[in-house]
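See structure below.
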Amino acid sequence: MALMQCSFFSEVLGLSCSMDVIVPQRTGAGQIGIKTAQREKNKYPVLYLLHGMSDDHSIWLRRTSVERYVSEYPLIVVMPAVARSYYTDMVSGPRYWTFISEELPQIARAFFPVSEKREDSFVAGLSMGGYGAFKMALRNPGRFAAAGSFSGALTLDWMKNNKDRKAEMECIFGKKLKPCDDLLRISQELARSGKPRPRLYQSCGTEDFLYKDNLKFKCHLEKLGYDLSYSERPGIHEWGFWDIEIQKFLKWLNLK
């Protein structure tokens, strides 16, 4: 595998940005301790791996062994930075939703051998990134085949009763959540549309402060008939849990 640390300019945000990218590398038998997946085609499937609210593009590499885990798969992993934006076109701030959903995929395809096929496109994330991942897939079902949320802030119920975060949330979403930012509504409208729906992987620790929100969203998806793989086990909102979940998610993708 090769690790690329990229600095680039975003026209949408009007500022310089960063992303880390894991790219399969054709190697012989000389790389000790790594079994690298090979692919004969020119383009690779892609996973956009999203960070949480207090993190940045480097966090998955610093807190997990994702570079080693992904070496078994013919997969490019793109890990961008979006600050504390909730992957949203902020009411008082930059247009991070437009950046992450439209501009970033174009930049990734320009820089790396990324497949444009729906069946080769995936997105996953933790906490705020879990919200962003499901938002990416549910609002763009024609572009993403699957998505994963690990301890995701999916219903945003936690923020409604959090006085300390009220001002920040209003800067992001406004005083009232718009339909395009409400995953409950987005998933319901997609189910009614008859369009192909992405496969979804959702997990949360039973002691996580977002556990009740995750149960609520799980029941919502099940009632709508989504292809959902749900997993829970003892755990809180921490990296020991997410390190295991990214491994499970990569296996669940069932890449050949």
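The values are calculated or read from the model by the stated rules, or taken from the named source; none is laboratory data. A quick note: this is a predicted structure, and the numbers were derived from the prediction, not measured. Every residue, glycine among them, receives a Cβ derived from its backbone with ideal geometry; neighbour counts consider all protein chains shown.
Screening Val21 with (1) closer than 21 Å to Ser115 by Cα; (2) in contact with a helix residue (DSSP H, G or I) (Cβ under 8 Å, 6 or more places away or on another chain); (3) modelled with pLDDT under 95 gives one miss only, at (3). Within segment 132-161, being part of a loop (DSSP other than H, G, I, E, B), of a type outside the set (A, V, I, L, M, F, W, C) and under 12 Å from the mean Cα position of the chain (by Cα) holds for Ser151, Gly152. Keeping to segment 9-22, report how many residues are part of a strand (DSSP E or B) and either surrounded by 13 or more Cβ atoms within 10 Å (Cβ to Cβ) or in contact with a Lys or Arg (Cβ under 8 Å, 6 or more places away or on another chain) (or both). The number of residues fulfilling the criteria is 7.
Being in contact (Cβ under 8 Å) with a residue 40 or more places away in the chain and aromatic (Phe, Trp, Tyr) is the filter; apply it to segment 226-256 and report the residue that is surrounded by the fewest Cβ atoms within 10 Å (Cβ to Cβ). In this case the residue turns out to be Trp239.
Residues in segment 72-131 that are of a type in the set (Gly, Ala, Ser) and outside any loop (DSSP other than H, G, I, E, B): how many? Residues meeting the conditions: 8. In segment 155-176, the residues that are at negative phi reach residues that are β-branched (Val, Ile, Thr) and exposed (fewer than 14 other Cβ atoms within 10 Å of the Cβ) with C-beta atoms within less than 8 angstrom, at least six apart or across chains, in these pairs: Glu170/Val91; Cys171/Val91; Ile172/Val91; Phe173/Val91. Residues in segment 214-246 that are closer than 18 Å to Gln188 by Cα and either hydrophobic (A, V, I, L, M, F, W, C) or touching a Gly at 6+ places or on another chain (Cβ under 8 Å) (or both): Asn214, Leu215, Phe217, Cys219, Leu221, Leu224, Leu228. Out of the residues in segment 193-216 meeting the condition of being of a type in the set (S, T, N, Q) and not in a loop (DSSP other than H, G, I, E, B), tell me which one is nearest to Ser149 (Cα to Cα). Looking at residues that are of a type in the set (S, T, N, Q) and not in a loop (DSSP other than H, G, I, E, B), I get Gln202.
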